[in-house]
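**Student:** Before we start, here is the structure in question, set down as structure tokens.
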Amino acid sequence: MRNTEIPRPGDETDMAKEVTATQIIDMPLAQAWDKLRDISCAHHYVPGIIDTQIVSDNKEGVGASRYVYRKPGSYIQETVEEWHEGEGFLIRLHHGDKPAAPFKSAWFRYQLASEGAERTRLTTTMHFEMPWGVIGSLLEKMMAGVVEKTVADVALAMKLYYESGEPTRGADLKAYKTQHYSSSDRNNAAPETE
């Protein structure tokens with residue numbers, strides 16, 4: 001499933017931006033994949049999401065689609081456009097036929113790789129393009145820190161959820177950062193853990 005009118009990650013555009021974060025999860029790759037493939041659980045690890053609803057007939061694979069809610073009645077639709085069994089997937093962020101505001105196009109990739117028998121590397125990447133030409137470029141610069149923090153927080157929240165089995169809340173992220181990072185890192189993008 002590919003919308004050829006919308007630039008995709010890897011397409012060359014002047015306004016495209018990519019932000020990546022990585023975490024090491026203390027569990028084997030197969031176990032991490034069992035958790036990742038369940039796209040109904042985004043509200044357990046995406047900060048600010050309160051609910052997830054599957055809106056497609058298929059619950060996984062290309063074409064699987066979900067609504068993620070920040071508050072009742074306010075959602076972003078996420079549809080799987082690439083599925084790599086045992087490794088990860090790419091979702092397109094949208095609202096019906098239109099991209100999720102304020103983006104011209106936006107995707108989020110979840111990627112897993114083995115780091116030995118008992119550890120998994122999780123890489124989260126947001127690829128997006130802003131509309132409005134020069135104004136969009138300025139908006140992108142203004143949003144850069146927020147997007148970087150969000151992508152890093154998703155990776156860290158997934159690590160905490162996968163390792164504990166409990167949904168990660170904002171207080172959990174804050175407590176983890178307080179315990180593991182210097183004061184200057186606490187409010188910024190979470191550094192990679194090894």
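**Student:** In the stretch 63-72, what residues are open to solvent by less than 70 Å² (accessible area, probe 1.4 Å) and over 15 Å from Val46 (Cβ atoms)? First the steps, then the outcome.
**Tutor:** So in the stretch 63-72, the residues open to solvent by less than 70 Å² (accessible area, probe 1.4 Å) come out as 63-69.
Result: Gly63, Ala64, Ser65.
**Student:** So, in the stretch 85-102, exactly how many residues are within 15 Å of the chain's Cα centre (by Cα) and modelled with pLDDT under 95?
**Tutor:** Applying the first criterion (within 15 Å of the chain's Cα centre (by Cα)) to the stretch 85-102 yields 87-94, 100.
Those left that are additionally modelled with pLDDT under 95: 100.
Final tally of qualifying residues: 1.
**Student:** If I filter the stretch 121-128 for residues that are under 27 Å from Lys174 (Cβ atoms), under 14 Å from the mean Cα position of the chain (by Cα) and without any contact (Cβ under 8 Å) to a residue 40 or more places away in the chain, do I get at least one hit?
**Tutor:** No - not one qualifying residue is present in the stretch 121-128.
**Student:** How about the stretch 127-143: which of its residues are open to solvent by 10 Å² or more (accessible area, probe 1.4 Å) and not charged (D, E, K, R)?
**Tutor:** Once the filter is applied, which keeps residues that are open to solvent by 10 Å² or more (accessible area, probe 1.4 Å) and not charged (D, E, K, R), the stretch 127-143 yields His127, Pro131, Trp132, Gly133, Val134, Ile135, Ser137, Leu138, Leu139, Met142, Met143.
**Student:** For the structure I just gave you, tell me whether Tyr75 is among the aromatic types (Phe, Trp, Tyr) and open to solvent by 20 Å² or more (accessible area, probe 1.4 Å).
**Tutor:** Working: among the aromatic types (Phe, Trp, Tyr): yes; open to solvent by 20 Å² or more (accessible area, probe 1.4 Å): yes.
Answer is yes for this residue.
**Student:** Also: I'd like to verify a number: residues in the stretch 84-126 that are farther than 22 Å from Lys149 by Cβ and surrounded by fewer than 18 Cβ atoms within 10 Å (Cβ to Cβ), how many?
**Tutor:** 15
**Student:** Considering only residues that are of a type in the set (Lys, Arg) and either under 15 Å from Gly96 (Cβ atoms) or not in a loop (DSSP other than H, G, I, E, B) (or both), which ones fall in the stretch 48-67?
**Tutor:** Arg66
Residue-wise test of (1) part of a helix (DSSP H, G or I); (2) of a type in the set (D, E, K, R); (3) under 13 Å from the mean Cα position of the chain (by Cα).
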residue	(1), (2), (3)
Glu78	no, yes, yes
Trp83	no, no, no
Ala106	no, no, yes
Gln111	no, no, yes
Val134	yes, no, no
Thr150	yes, no, yes
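**Student:** Quickly run through the stretch 105-127 and pick out the residues that are farther than 19 Å from Asp38 by Cβ and touching a His at 6+ places or on another chain (Cβ under 9 Å).
**Tutor:** Ser105, Ala106, Trp107
**Student:** Now for a different question. Of the residues in the stretch 144-181, how many are acidic (Asp, Glu), under 21 Å from Asp51 (Cβ atoms) and either without any contact (Cβ under 8 Å) to a residue 40 or more places away in the chain or open to solvent by 70 Å² or more (accessible area, probe 1.4 Å) (or both)? First the steps, then the outcome.
**Tutor:** From the stretch 144-181, those acidic (Asp, Glu) are 148, 153, 163, 166, 172; that's our starting set.
Retained after the next criterion (residues that are under 21 Å from Asp51 (Cβ atoms)): 153, 166, 172.
Restricting the remaining residues to those that are either without any contact (Cβ under 8 Å) to a residue 40 or more places away in the chain or open to solvent by 70 Å² or more (accessible area, probe 1.4 Å) (or both) gives 166, 172.
Adding up the residues that qualify gives 2.
The values are calculated or read from the model by the stated rules, or taken from the named source; none is laboratory data. Everything numeric in this text was worked out from a predicted model, so none of it was measured. Ideal geometry is used to build each Cβ from the backbone, glycine not excepted, and the neighbour counts take in all protein chains shown. Surface accessibility is based on the protein's heavy atoms, side chains included, excluding ligands, DNA and RNA. Shrake-Rupley method; radii C 1.70, N 1.55, O 1.52, S 1.80 Å.
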